[in-house]
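Okay, so here's the structure we're looking at.
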Amino acid sequence: MTTTVIDDIGLLVTNDPVLGPGELGLLTGASVVFEEETVISVGPRGQIADERIDAAGRCVIPGFVDSHTHLVFAGDRAEEFTARMAGRPYDGGGIRVTTEATRNASDAELARLLAARLLEAHRAGTTTVEIKSGYGLDVPTEERIVTLASRVTTETTFLGAHLVPAEYEGRADDYVELVCGEMLDACAPHSRWIDVFCETGAFDVDQSRRVLTAGRARGLGLRLHANQLGPGPAVRLGVSMGCGSVDHCTYLSDDDIEALAGSDTVATFLPATDFSTRQPYPDARRAVDAGVDIAVATNCNPGSSYTTSVSFCIALAVRDMGLTIEEALAAVTVGGARALRRPDLGRLTPGSRAHAVILEAPSYHHLAYRPGVPLVARTIGPLEGRARQLTSGLPT
Ligand code: NIG
């Protein structure tokens with residue numbers, strides 16, 4: 001098997017406190033050796049391997065683990081965004097617009113769109129993506145979405161309970177029955193997780209509990225969209241049901257924070273969403289100080305957060321959520337890995353996945369210090385290859 005070394009690393013973030021100082025486990029003058037996709041050694045510069053990648057004194061970090069995305073969809077909602085900037089509030093109703101476009105798109109079109117977004121994410125330093133369904137809202141389209149997503153990631157999430165589709169208007173419970181029955185039967189074999197948009201205007205606590213319970217009975221892990229548009233019981237529902245992650249958490253009460261702090265559930269913040277919907281930013285500082293495990297992710301979707309840029313999320317988390325740059329970097333790497341229950345991701349330590357980013361910068365501080373600047377010199381990870389496989393053989 002071929003070994004490769006990333007050599008002459010000026011500053012290495014390992015996220016393993018055993019290897020170096022601080023939670024980020026920092027090393028200077030380092031090198032990382034990997035075999036196939038696994039790190040086998042971390043040490044001083046100059047380790048020998050079959051192939052050599054020269055970091056030329058720059059900073060190397062673990063690849064970003066983007067633990068919340070909706071990457072499979074057709075169409076865009078630029079007009080909705082523009083109206084929002086002029087004062088119209090976000091309410092999630094545009095999900096139906098994207099649903100119509102996605103239902104009408106062919107498999108080949110969806111594959112091309114997904115591949116383009118994966119390449120964009122790869123170029124921006126992302127090496128793992130979670131992908132949710134939720135723009136089909138009928139059995140065949142939801143199945144098409146999770147099947148496509150499962151070709152590029154193991155972290156696929158069935159989100160049939162994203163919104164009640166137009167044809168079920170006024171019959172939300174009937175739609176929940178479909179989600180828990182025929183739709184779950186079709187999607188569970190291609191999914192690792194199940195998720196619900198638990199919010200006023202989407203699904204209430206009882207409906208959300210029903211969907212999560214049905215998913216758990218099919219062996220799926222649980223996630224929840226919680227407290228995005230206002231305070232409510234969703235975060236506590238997610239914790240009480242043992243969700244891997246409750247996502248958004250824009251509004252967190254003291255009780256929510258107390259529940260999260262005493263649990264294994266990760267609070268995943270999505271600051272690009274609060275940016276794009278003009279919501280307040282969550283008080284991540286308060287959560288971290290209370291001992292809550294956190295992650296930060298992009299939530300890339302056409303309505304509330306059309307970005308694949310984790311660096312942008314880092315900058316927002318530092319500027320507007322009260323995190324230190326170290327906390328923000330941990331949240332998009334090892335935090336995302338925790339939210340996905342993937343201990344093999346988000347670190348550069350022996351045994352972990354060799355997913356790494358060489359920054360065009362001497363230190364990770366530049367990710368917040370130089371917002372909007374493409375600072376990724378090279379991403380070492382699987383998404384580029386998977387994107388190309390997705391489109392190979394498709395008619396041009
Ligand atoms: O996480 N909140 C629900 N789902 C997405 C937005 C979907 C949309 O507006 O298209 C989110 O923000």
*Is there any pair linking a residue in the stretch 292-310 that is of a type in the set (D, E, K, R) and assigned to a loop (DSSP other than H, G, I, E, B) to one that is open to solvent by 10 Å² or more (accessible area, probe 1.4 Å) and away from the ligand (no atom under 14 Å from the Cβ), with Cβ under 9 Å and at least six apart or on different chains, and which?*
Asp293/Ala261; Asp293/Ser263; Asp293/Asp264; Asp293/Arg338
*Output the number of residues of the stretch 82-141 satisfying the condition of being open to solvent by 20 Å² or more (accessible area, probe 1.4 Å) and part of a loop (DSSP other than H, G, I, E, B).*
10
*Is it true that Glu327 is open to solvent by 30 Å² or more (accessible area, probe 1.4 Å) and in the same structural domain as Thr298 (by TED's automatic domain parsing)?*
yes
*Evaluate the following for Glu23: is it open to solvent by 40 Å² or more (accessible area, probe 1.4 Å), within 27 Å of Asp247 (Cβ to Cβ), not assigned by TED's automatic domain parsing to the domain that holds Glu120 and not small (Gly, Ala, Ser)?*
yes
*Do you know which residues across the stretch 258-291 are of a type outside the set (Ser, Thr, Tyr), open to solvent by less than 10 Å² (accessible area, probe 1.4 Å) and out of contact with any Cys (no Cβ under 9 Å at 6 or more places or on another chain)?*
Asp274
*Has the stretch 204-225 got at least one residue that is touching a residue at least 60 places away in the same chain (Cβ under 8 Å) and farther than 23 Å from Glu155 by Cβ?*
no
*Out of the stretch 145-165, which residues are outside any loop (DSSP other than H, G, I, E, B) and surrounded by 24 or more Cβ atoms within 10 Å (Cβ to Cβ)?*
Ile145, Val146, Ala149, Thr156, Thr157, Phe158, Leu159, Gly160, Ala161
_Here's a check for you: in the stretch 268-323, which residue that is within 22 Å of Leu118 (Cβ to Cβ), more than 13 Å from the ligand (Cβ to nearest atom) and hydroxyl-bearing (Ser, Thr, Tyr) is farthest from the chain's Cα centre (by Cα)?_
Ser311
_Within the stretch 201-210, does at least one residue satisfy the condition of being of a type in the set (Gly, Ala, Ser) and open to solvent by 20 Å² or more (accessible area, probe 1.4 Å)?_
yes
*Search the stretch 88-105 for residues that are in contact (Cβ under 8 Å) with a residue 12 or more places away in the chain and pair each with any residue that is near the ligand (Cβ under 10 Å from one of its atoms) and in a helix (DSSP H, G or I) when their beta-carbon atoms are under 7 Å apart and the residues are at least 6 apart or on different chains.*
Tyr90/Thr277; Gly94/Glu80
*Determine whether Arg338 is under 17 Å from the mean Cα position of the chain (by Cα), among the charged types (D, E, K, R), outside any loop (DSSP other than H, G, I, E, B) and buried (at least 19 other Cβ atoms within 10 Å of the Cβ).*
yes
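The values are calculated or read from the model by the stated rules, or taken from the named source; none is laboratory data. Since this is a predicted model, take the numbers as computed values, not measurements. Every residue, glycine as well, gets a Cβ built from its backbone with ideal geometry; the counts of neighbours run over all protein chains shown. Heads up: the accessible areas ignore ligands, DNA and RNA and are worked out on the full protein's heavy atoms, side chains in. Shrake-Rupley method; radii C 1.70, N 1.55, O 1.52, S 1.80 Å.
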